[in-house]
Amino acid sequence: GGPKDAINMLNKNFDLDIEDYVTVDFGAMADVVDLLGGIEIEVSKEEAAEMNRHIIGTAQIIGKNKTYYMKAGLQTLDGVEAVTYSRIRKNVGGDYGRTERQRLVIQKMVEKVKKTDVSTLNKMIDEVFSQVSTSFTLKEIISLAAGVMQYKLGETRGYAFEHTDGSVEGIGSVVIPIGVVENVKQLHEFLYPRDEGYSVSGTVLDIAKEI
């Protein structure tokens with residue numbers, strides 16, 4: 001259903017009130033990493049092997065038809081390599097490992113953006129904005145970008161806090177929260193540490209009963 005339905009799902013299941021969004025595709029992410037001159041990441045032997053299985057396919061999806069070969073060790077990943085690194089999961093930690101790698105890539109991108117010059121920032125906005133689905137206008141994006149040097153990426157966590165794996169017929173592998181109500185409470189404690197009066201809504205209680 002697109003970003004609006006995704007936001008409605010998050011708000012309903014987690015008692016949130018998200019209003020704005022930015023959605024990027026693989027191509028936009030690759031372009032930003034390339035404009036930043038790449039990002040440095042320590043790639044394990046297992047991660048390099050999985051990347052080599054998928055990197056050409058990723059390049060074709062993005063429209064950068066090049067030949068790649070990854071090695072283990074500290075690497076400066078270009079756009080296609082960074083996207084491929086973010087996508088792998090089989091044999092390297094499953095979905096939990098994948099989301100950890102995604103958060104690491106975002107962290108490295110933020111660190112690099114804070115060191116870049118204004119002209120590069122403007123070029124990034126010009127080249128990538130057409131690939132972005134967002135509730136913000138271009139004017140609002142430019143205004144937000146002006147304060148990028150003051151931004152700080154805080155702690156990141158994966159949801160659910162307590163979870164197990166399972167399989168659902170017709171769907172496949174799923175991540176199952178252990179205690180929906182408890183996980184939603186932990187989410188609010190993480191996002192809003194000063195809000196001590198929170199209790200889950202009737203909607204979340206109904207969802208917990210259904211699960």
Condition check for Lys71: modelled with pLDDT under 95, open to solvent by 80 Å² or more (accessible area, probe 1.4 Å) and more than 17 Å from Val132 (Cα to Cα) | yes
Region 10-29, subset of a type in the set (A, V, I, L, M, F, W, C), at pLDDT 95 or above and not in a loop (DSSP other than H, G, I, E, B), residue most open to solvent (accessible area, probe 1.4 Å) = Leu10
Select from region 44-58 the residues that are under 30 Å from Ser130 (Cβ atoms) and open to solvent by less than 20 Å² (accessible area, probe 1.4 Å) and list them in ascending order.
-> Met51, Ile55, Thr58
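Tally the residues that are acidic (Asp, Glu) and either at positive phi or surrounded by 12 or more Cβ atoms within 10 Å (Cβ to Cβ) (or both), restricting the search to region 163-211. Give the steps one after another, and end with the answer.
Keep residues of region 163-211 that are acidic (Asp, Glu), which gives 165, 169, 182, 189, 195-196, 206, 210.
Going one step further and asking which of them are either at positive phi or surrounded by 12 or more Cβ atoms within 10 Å (Cβ to Cβ) (or both), we end up with 182, 189.
Here the count works out to 2.
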Taking first residues from region 150-172 that are under 30 Å from Val118 (Cβ atoms) and second residues anywhere that are β-branched (Val, Ile, Thr) and surrounded by 12 or more Cβ atoms within 10 Å (Cβ to Cβ), the pairs with Cβ under 6 Å that are 6 or more apart or on different chains are Leu153/Val110
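Can you tell me which residue in region 30-43 is farthest from Ala72 (Cα to Cα), limited to those that are in contact with a helix residue (DSSP H, G or I) (Cβ under 8 Å, 6 or more places away or on another chain) and open to solvent by 40 Å² or more (accessible area, probe 1.4 Å)? Walk me through how you get there before you give the answer.
Step one: filter region 30-43 for residues in contact with a helix residue (DSSP H, G or I) (Cβ under 8 Å, 6 or more places away or on another chain), giving 30-41, 43.
From what is left, the residues that are open to solvent by 40 Å² or more (accessible area, probe 1.4 Å) are 34-35, 37, 40.
Details: Asp34: 20, Leu35: 24, Gly37: 20, Glu40: 12 Å.
Here the answer is Leu35.
With region 88-148 as the region, which helices (runs of 4 or more DSSP H) entirely inside it contain at least 2 residues that are more than 28 Å from Arg53 (Cα to Cα) and of a type in the set (Ser, Thr, Tyr)? If you could, list the steps in order and put the result at the bottom.
Working: elements: 94-113, 118-128, 138-145.
Qualifying helices (runs of 4 or more DSSP H): 118-128.
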Which of the following residues is under 27 Å from Arg87 (Cα atoms), open to solvent by 80 Å² or more (accessible area, probe 1.4 Å) and among the β-branched types (Val, Ile, Thr): Ile141, Ile106?
-> Ile106
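The values are calculated or read from the model by the stated rules, or taken from the named source; none is laboratory data. These numbers come from a predicted model, not from an experiment. Here Cβ is always computed from backbone atoms with ideal geometry, including for glycine, and neighbour counts include all displayed protein chains. What goes into the accessible areas is simple: the full protein's heavy atoms, side chains included, and nothing from ligands, DNA or RNA. Shrake-Rupley method; radii C 1.70, N 1.55, O 1.52, S 1.80 Å.
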